[in-house]
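S.K.: Structure in structure tokens, see below.
The values are calculated or read from the model by the stated rules, or taken from the named source; none is laboratory data. No experiment lies behind these values; they were computed from the predicted model shown. So basically every Cβ, Gly included, is an ideal-geometry build from the backbone, and we count neighbours across all protein chains shown.
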Amino acid sequence: MIGGGLGGLAAAIHLALAGRRVQLFEKNDCVGGKASQVRAQGYTFGTGPSLMTMPWVARQLFEKAGRRLEDYLTLTALDSTCRYRWPDGTEFNAYQSLPLLMDEIARLEPRDVAGLLGFLRYGARIYGAVAEPFLLHPFDGIADLVKPALFRDSWKIDSLRTVDQAVRSYFRSPYLRQVFNRYATYNGSSPYRAPATFNLIAYIEFIEGGWYVQGGMYRLVEAIAQLAREVGVEIHTNAPVERIELRDRAACGVVVGGERIGARDVVVNADPRYAYERLLPGRAPMATKLGRLEPSCSGFVLLLGVRRQYAQLAHHNIFFSHDYPREFQAIFEKRVPAPDPTVYVCASSQTDPQHAPPGHTNMFVLVNAPAADGRIKWAREAQGYRDAVVAKLERMGLDGLNQQIAYEQIITPDDLATRYNATGGAIYGLASNTMWSAFLRPPLRARETPGLYFVGGGTHPGGGIPLVLLSGRAVAERVVADGRETKQRVAVS
Ligand SMILES: Cc1cc2nc3c(=O)[nH]c(=O)nc-3n(C[C@H](O)[C@H](O)[C@H](O)COP(=O)(O)OP(=O)(O)OC[C@H]3O[C@@H](n4cnc5c(N)ncnc54)[C@H](O)[C@@H]3O)c2cc1C
């Protein structure tokens, strides 16, 4: 296994449970990949995902190994998955309790309560149509999907409209339209281009809820890494893979620290485009092909240790921009940082006081940014953009923030690219900005290289914690099935 992100760890566990010897090589000093953590001056910051959705996916991983997730972790349901704020002072809380949510919606636009109920029915229909072929048992190629059910159910998945067009048909309030459009960013896409099928993401969060992992999201990584070790996965950190070895076109091992390590199969959790460019010499055409696909957005991150508390901050907060279409145009069309960005702030110390010294706040600040393509010189631009983001938060109510910062770290798209070998620092792998995006992703099983597989946000079903865990299960199923087929062939011949 090349890479110890969550997808790689999940695949390693499934393979070990299937009786395979699994060696996992991670270039960094800890596993978890983009789901990482920084501890400094008494503050703890998650530096990647901060909200847990679809917890049943992680629960199933532990159950497969005969364990209970709850013996490793404590999940706490949040009363509200996010507090939204607009420049004009309007506020909205995405309550998990349906009656509270309906009251909150009615406060903004009474007619949108019926819109919400319609939207949830519509989301259920999409979920029913895509769960099997796209999420739970992702397909291997378009041929897999061309079945009567696809044509019968195609209207259900609403792929011809955009997320925004469908959201507009359910909600009248411009505020609520912005709230529901935001879910397209959960896979790094634009609501003005991504197919309406992705309204599924909002549906899942409003129906199933969102959780906080006590101790922070990195506890999930630690629990999954512990499970991996318990089932026999050999984890090597500070172990960058330099090359994938090929024999007769098939993958047969890796080179780490100059040492050749033979393997029956090689599963790549690193970004597929990076792998074709850097680990598989002679596969330049594949790298070029993947280079034509649109990456998901990246992120501009500030970790701020703040010497005071703000009563108006919830655990998860969004400070919206005043012109959402213009923001996505900047990120995906002009490929520049949005001049007035939407700012996400996770202040986990609001529910987990251990994450900051008494009376202080830990603020993980995330702004969507274009995937790096070399045109933006972040080394030069980062400080100015940081000042603009902090000034925006001050304007929107976090008085005197700049003066109260005791610790700070800036993470740019270039940093994400370098730290994780993620092309452009894309945080979710590839964007899903067209109805064809899902079919253009590199498959779990490399077509041109027997014995080579991919897992994680760069392949199927996509980025985000639950999806990369599902990717781990799907790739392991393929490795095991291919191994069984090979054995049968050998036995017959
Ligand atoms: C700032 C940020 C915010 C996010 N917010 C959310 C969120 O709110 N919700 C959500 O669900 N998701 C979120 N995500 C996305 C989520 O973190 C990712 O989709 C998921 O963690 C990716 O997992 P993965 O399996 O694709 O592997 P990655 O995390 O991409 O891991 C790949 C691993 O491979 C390693 N590697 C690369 N090259 C080599 C090599 N040559 N040798 C050895 N190892 C190598 C890398 O170091 C890395 O550890 C966020 C991500 C970021 C960065």
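S.K.: Look through segment 411-425, keep the residues that are more than 9 Å from the ligand (Cβ to nearest atom) and touching a Leu at 6+ places or on another chain (Cβ under 9 Å), and return whichever of them is nearest to residue 27 (Cα to Cα).
M.R.: This residue is 423.
S.K.: Filter segment 195-236 down to residues that are of a type in the set (D, E, K, R) and either under 26 Å from residue 78 (Cα atoms) or touching an Asp or Glu at 6+ places or on another chain (Cβ under 6 Å) (or both), then give me how many there are.
M.R.: 4
S.K.: Can you tell me which residue is farthest from the ligand (Cβ to nearest atom) among those in segment 34-66 that are assigned to a strand (DSSP E or B) and of a type in the set (Gly, Ala, Ser)?
M.R.: 40
S.K.: Say we look at segment 434-445 and pick out the residues that are within 16 Å of the ligand (Cβ to nearest atom) and assigned to a loop (DSSP other than H, G, I, E, B); which of these is surrounded by the fewest Cβ atoms within 10 Å (Cβ to Cβ)?
M.R.: This residue is 443.
S.K.: Okay, moving on. Check off (1) buried (at least 19 other Cβ atoms within 10 Å of the Cβ); (2) at pLDDT below 95 for residue 34 and give me the number that stays unchecked.
M.R.: All conditions are met except number (2).
S.K.: Can you find a residue in segment 71-79 that is surrounded by fewer than 18 Cβ atoms within 10 Å (Cβ to Cβ), within 16 Å of the ligand (Cβ to nearest atom) and more than 30 Å from residue 320 (Cα to Cα)?
M.R.: So far as segment 71-79 goes, no, none of its residues is surrounded by fewer than 18 Cβ atoms within 10 Å (Cβ to Cβ), within 16 Å of the ligand (Cβ to nearest atom) and more than 30 Å from residue 320 (Cα to Cα).
S.K.: While we're looking at this one, here's another question. Just a yes or no: is a residue in segment 213-220 of a type outside the set (A, V, I, L, M), more than 25 Å from residue 418 (Cβ to Cβ), in contact with a strand residue (DSSP E or B) (Cβ under 9 Å, 6 or more places away or on another chain) and within 11 Å of the ligand (Cβ to nearest atom)?
M.R.: Within segment 213-220 (the criterion being of a type outside the set (A, V, I, L, M), more than 25 Å from residue 418 (Cβ to Cβ), in contact with a strand residue (DSSP E or B) (Cβ under 9 Å, 6 or more places away or on another chain) and within 11 Å of the ligand (Cβ to nearest atom)), the answer is no, since none of the residues qualifies.
S.K.: Same structure again: With the condition kept exactly as written, say whether any residue in segment 224-244 is in a strand (DSSP E or B) and surrounded by 22 or more Cβ atoms within 10 Å (Cβ to Cβ).
M.R.: Yes, some residue in segment 224-244 is in a strand (DSSP E or B) and surrounded by 22 or more Cβ atoms within 10 Å (Cβ to Cβ).
S.K.: Do we have any residue at all in segment 341-354 that's of a type in the set (Phe, Trp, Tyr) and within 27 Å of residue 180 (Cα to Cα)?
M.R.: Within segment 341-354, one or more residues are of a type in the set (Phe, Trp, Tyr) and within 27 Å of residue 180 (Cα to Cα).
S.K.: Follow-up question, since we're still on this one. I'd like to know if segment 291-304 contains one or more residues that are among the β-branched types (Val, Ile, Thr), touching a residue at least 40 places away in the same chain (Cβ under 8 Å) and within 15 Å of the ligand (Cβ to nearest atom).
M.R.: Yes, because at least one residue in segment 291-304 is among the β-branched types (Val, Ile, Thr), touching a residue at least 40 places away in the same chain (Cβ under 8 Å) and within 15 Å of the ligand (Cβ to nearest atom).
S.K.: Shifting gears a bit: Pairs please, first residue from segment 266-282 and in a helix (DSSP H, G or I), second anywhere and near the ligand (Cβ under 7 Å from one of its atoms), Cβ atoms under 7 Å, 6+ apart in sequence or on different chains.
M.R.: 272/458; 274/421; 279/241
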